[in-house]
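See below for the structure under consideration.
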Amino acid sequence: TKSSLYQLADVFVLPTRQENFGLVLVEAMACGATVVTTRGTDIWQELQRGGAHIVDLSASAIAAELAQISAEGDRRANGVGSRDFVYEWLDPERIAATYESMYRQAIDVSPRTSRIGA
């Protein structure tokens, strides 16, 4: 049901003072909705790279952004690009490879400790 509601939305707006990951924002983008949020979510820079509209936390800034989005016409076109971004950014295989690389690098640069009695 939730995915269907995101898919029906032309715009998903979440003004926030603090969101650690902003999962609902990513969910909305993954469903093709245009997203408007604030810098209160810790991943605002990633969301912006994916096409989300990041505005100041004020009613006037949000209203101005919504007016701009409405004037642009085809709101779904932006949402499709956001959907593609989310699926690439959070692709499980890509994330696993990134973590594997990070762990391998950490092992390669960490000091080797000897075992007691070895």
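The values are calculated or read from the model by the stated rules, or taken from the named source; none is laboratory data. In this text the structure is predicted, and so the values were computed from the model without any measurement. Heads up: the accessible areas ignore ligands, DNA and RNA and are worked out on the full protein's heavy atoms, side chains in. Shrake-Rupley method; radii C 1.70, N 1.55, O 1.52, S 1.80 Å.
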Next on the checklist: Amide H of V36 versus every other amide H placed in the peptide plane: which residues, excluding those fewer than 5 positions away on the same chain, fall under 5 Å?
Outcome noted: F12, V13, L14, H53
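In nm, what is the difference between 0.36 nm times the number of residues separating R94 and L23 and their Cα-Cα distance?
On the way: separation 71, 0.36 × 71 = 25.56 nm, distance 1.87 nm.
Result for the pair: 23.7 nm of gain on full extension.
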Checklist outcome for this item: Most fluctuating of R17, R104, R39 in the GNM of the chain (C-alpha, under 10 Å) is R104
Next on the checklist: Give me the 1.4 Å probe accessible area per residue for the chain, excluding ligands and nucleic acids, in Å².
Outcome noted: 66 Å²
Checklist outcome for this item: Accessible-area order for D108, D84, D91, largest to smallest, probe 1.4 angstrom, reads D108, D84, D91
Checklist entry - Can you run phi through the Karplus equation (6.51, -1.76, 1.60; θ = phi - 60°) for region 44-53 and list ³J(HN,Hα) in whole Hz, with x for Gly and Pro? => result 4, 5, 5, 4, 5, 4, x, x, 5, 8
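Over region 1-85, what is the relative contact order in percent, taking alpha-carbon pairs closer than 8 angstrom and at least six residues apart? Intermediate values should be presented prior to the final figure.
Details: 145 pairs, mean separation 26.8, N = 85.
Relative contact order comes out at 32 percent.
Run lengths n ≥ 4 of DSSP H only: what is the helix-derived mean residue ellipticity at 222 nm for the chain, with -39500 (n - 2.57) per run over all residues, to the nearest 500?
Working: 6 runs with 68 residues, N = 118.
About -17500 deg cm²/dmol.
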